[in-house]
Amino acid sequence: MMNKILIEGGEIIQGNGRFSGYIVINGELIEEVGYGEYKGNRPSRIIDARGKWIMPGVIDDQVHFREPGMTHKADIASESRTAIAGGVTSFMDMPNNNPATTTNELIEEKFAIAAQCSPANYSFYFGATEQNGKELNRLDSKHVCGVKLFMGSSTGSLLVTTQKELERIFAESPILIATHCEDNELIAQSLYKFKNTYGDNIQPAMHPLIRSAEACYRSTAQAVELADKYGSKLHVLHLSTARELTLFDNKPLQQKKITNELCVHHLWFSDKDYARLGNRIKWNPAIKSESDRLSLLEALKSGRADVIGTDHAPHTDAEKSAPYLACPSGGPFVQHSLLAMLELAVQGYLKPEEVIEKMCHAPAELFAINNRGFIKEGFYADLVIVNPNDPWTVSKENILSKCGWSPLEGYTFTNKIETTIVNGHIAYDQGQFDLSVKGKALEFNR
């Protein structure tokens with residue numbers, strides 16, 4: 001019984017419902033899940049979860065932890081630590097680093113860094129370019145989560161715009177293609193017009209007009225058309241508009257080859273928040289209208305939207321304080337993503353079960369992750385214990401991301417992450433970390 005942990009007295013919540021019960025963890029795995037009171041031999045480590053919710057750990061399918069090359073903003077160690085404090089037990093990191101992750105050797109270097117420092121489980125995307133087709137064909141489909149394709153909003157070799165090269169990638173990718181979809185030509189035309197009118201005095205509220213809904217729709221439609229043509233497994237990241245949703249089916253996830261992700265900031269903020277927060281909510285794609293926000297939330301309930309991620313992309317406070325044209329897009333969210341979605345459930349937009357379905361179960365199923373994303377016997381013990389009645393306010397003092405700020409500063413959540421367990425190890429508990437055990441590389445059943 002020395003290796004075992006008993007969690008008892010709490011409400012176990014998954015996508016298909018909830019019940020009062022217990023969980024026995026043996027080593028890295030869930031050994032037993034039961035209803036009511038545990039009546040077996042009691043281990044030495046017991047977690048009393050009375051009045052708490054017990055959930056699967058969140059799987060975030062899109063983060064930018066900035067290592068290598070931009071570690072003044074964030075790094076794998078700092079952001080994975082921040083992730084587990086937010087109930088995120090697994091993450092998938094993007095390739096737009098310096099240097100960009102466009103070779104198998106560079107992606108292995110990132111795996112090696114994470115193995116040394118990440119308390120959360122991890123995988124990394126390979127960056128598609130117009131020149132690295134041979135590298136694409138050598139990918140390890142068991143460990144590389146996907147191929148990231150920038151069809152907009154990138155620079156250098158990671159931006160792929162020619163039809164010939166787009167078709168090659170859709171035809172040849174051995175694994176899921178995750179796309180950033182914005183039409184660069186439309187964006188360039190809009191930016192030119194705004195510069196002619198406003199010069200250097202463009203305001204953050206103009207961001208969704210420059211990076212418009214039409215630019216998003218046109219690029220997303222192109223990606224869906226290519227995936228249909230080549231039978232590719234396509235995952236369109238961070239949808240931001242109601243119109244884009246019309247390109248996707250609302251059939252069960254298991255029947256889809258073309259899927260999408262919604263990000264928490266597009267579900268939480270709308271264009272009315274630019275007046276208050278300015279560049280702090282400057283993301284690409286841009287945060288759009290309130291009607292778009294509400295349509296995205298409804299799509300989570302209808303099944304037209306598949307996964308919730310963060311696009312956690314820290315920049316320093318100084319960088320985000322620059323004028324609009326000099327300010328980079330992106331911001332931190334991984335510490336507060338689960339809390340924000342549970343808060344939207346409190347507000348009546350979703351049920352907690354639906355939050356878990358889209359943040360835990362769906363990423364595991366969509367990416368075919370081995371034995372994660374559910375509270376099941378024989379699965380890895382990636383678990384989060386939430387107190388649904390413990391209000392606290394986001395402040396500089398409790399922000400953990402290396403960048404040191406959040407667009408949520410001053411907001412009071414009604415719920416709080418109390419404990420995060422990764423592979424059976426209590427990595428975070430009551431505000432304290434135990435980083436002595438590292439996470440694992442995710443394995444994909446492909």
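The values are calculated or read from the model by the stated rules, or taken from the named source; none is laboratory data. For clarity, every value in this text was computed on a predicted model and none was experimentally measured. Here Cβ is always computed from backbone atoms with ideal geometry, including for glycine, and neighbour counts include all displayed protein chains. With ligands, DNA and RNA removed, areas are computed over all heavy atoms of the protein, side chains included. Shrake-Rupley method; radii C 1.70, N 1.55, O 1.52, S 1.80 Å.
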**Complete:** Percent of all Cα-Cα pairs per 10 Å bin for the range 278-343, counting from 0 up to the last occupied bin, reads 18, 44, 29, 8, 0
**Prompt:** Mean separation of Cα pairs under 8 Å and 6+ residues apart, divided by the residue count of the range 219-262: what relative contact order is that in percent?
**Reply:** 46
**Item:** For the range 335-383: accessible area per residue (Å², 1.4 Å)
**Value:** 27
**Fill in**
Over all viewing directions the Cα convex hull of the range 133-194 casts an average projected area in nm² of 4.7
**Asked** Do the sum for the chain: with -39,500 (n - 2.57) for every DSSP H run of n ≥ 4, divided by all residues, what is the mean residue ellipticity at 222 nm, to the nearest 500 deg cm²/dmol?
**Response** -7500 deg cm²/dmol
**Complete:** Rounded to a whole number, the Stokes-Einstein D of the range 8-98 in µm²/s (Kirkwood radius over Cα pairs; 37 °C; 0.692 mPa s) is 210
**Per DSSP, loop chymotrypsin sites (Phe, Trp or Tyr not before Pro) in the range 184-266 with at most 12 further Cβ within 10 Å** = none
**Prompt:** Which of Phe91, Pro56, Phe19 sits closest to the plus end of the dipole of the range 1-107, meaning its Cα is farthest towards the positive end, when Lys and Arg get +1 and Asp and Glu get -1 on the C-beta?
**Reply:** Phe19
**Item:** Percent of C-alpha pairs per 10 Å bin, the range 206-343, short to long
**Value:** 12, 42, 34, 12, 1
**Asked** Per q in 0.14, 0.22, 0.23 1/Å, what log10 I(q)/I(0) does a Debye calculation on the alpha-carbon atoms of the range 53-178 return?
**Response** -0.59, -1.27, -1.35
**Asked** Cross-link partners among lysines for Lys4, C-alpha distance below 20 Å, same-chain residues fewer than 8 apart left out?
**Response** Lys39, Lys376, Lys438, Lys440
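Can you pull out the trypsin sites (Lys or Arg not before Pro) in the range 275-378 that DSSP calls coil and that have at most 16 other Cβ atoms within 10 Å?
Loop-located and lightly packed - Lys376.
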**Prompt:** For the range 197-298, what is the relative contact order in percent, using Cα pairs closer than 8 Å and at least 6 residues apart in sequence?
**Reply:** 34
**Asked** Percent of accessible area on the range 327-445 owned by carbon and sulfur, 1.4 Å probe?
**Response** 46
**Fill in**
Under the rule rounded for a/c under 1.5, else prolate if a/b exceeds b/c, else oblate, using alpha carbon gyration tensor axes a ≥ b ≥ c, the range 361-446 is classed as prolate
**Message:** Show me, bin by bin at 10 Å from 0, the whole-percent P(r) of the chain based on Cα pairs.
**Reply:** 4, 22, 33, 27, 11, 3, 0, 0
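Tell me the per residue accessible area of the range 36-122 using a 1.4 Å probe; a whole number in Å² is fine.
Using a 1.4 Å probe on heavy atoms only, each residue of the range 36-122 averages 34 Å².
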**Asked** Convex hull volume of the Cα atoms in the range 298-445, per residue, in Å³?
**Response** 154
**Request:** Could you point to the residue in Leu296, Ala275, Pro323 farthest towards the positive end of the range 256-414's charge dipole, with +1 and -1 charges on the Cβ of Lys/Arg and Asp/Glu respectively?
**Result:** Pro323
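Placing +1 at every Lys and Arg Cβ and -1 at every Asp and Glu Cβ, with all other atoms neutral, what dipole size does the chain have around its Cα centre, in debye to the nearest 20?
It works out to roughly 200 debye.
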**Request:** May I ask you to list the chymotrypsin sites (Phe, Trp or Tyr not before Pro) in the range 356-421 that are in a DSSP loop and have at most 16 other Cβ atoms within 10 Å of their Cβ?
**Result:** Tyr411
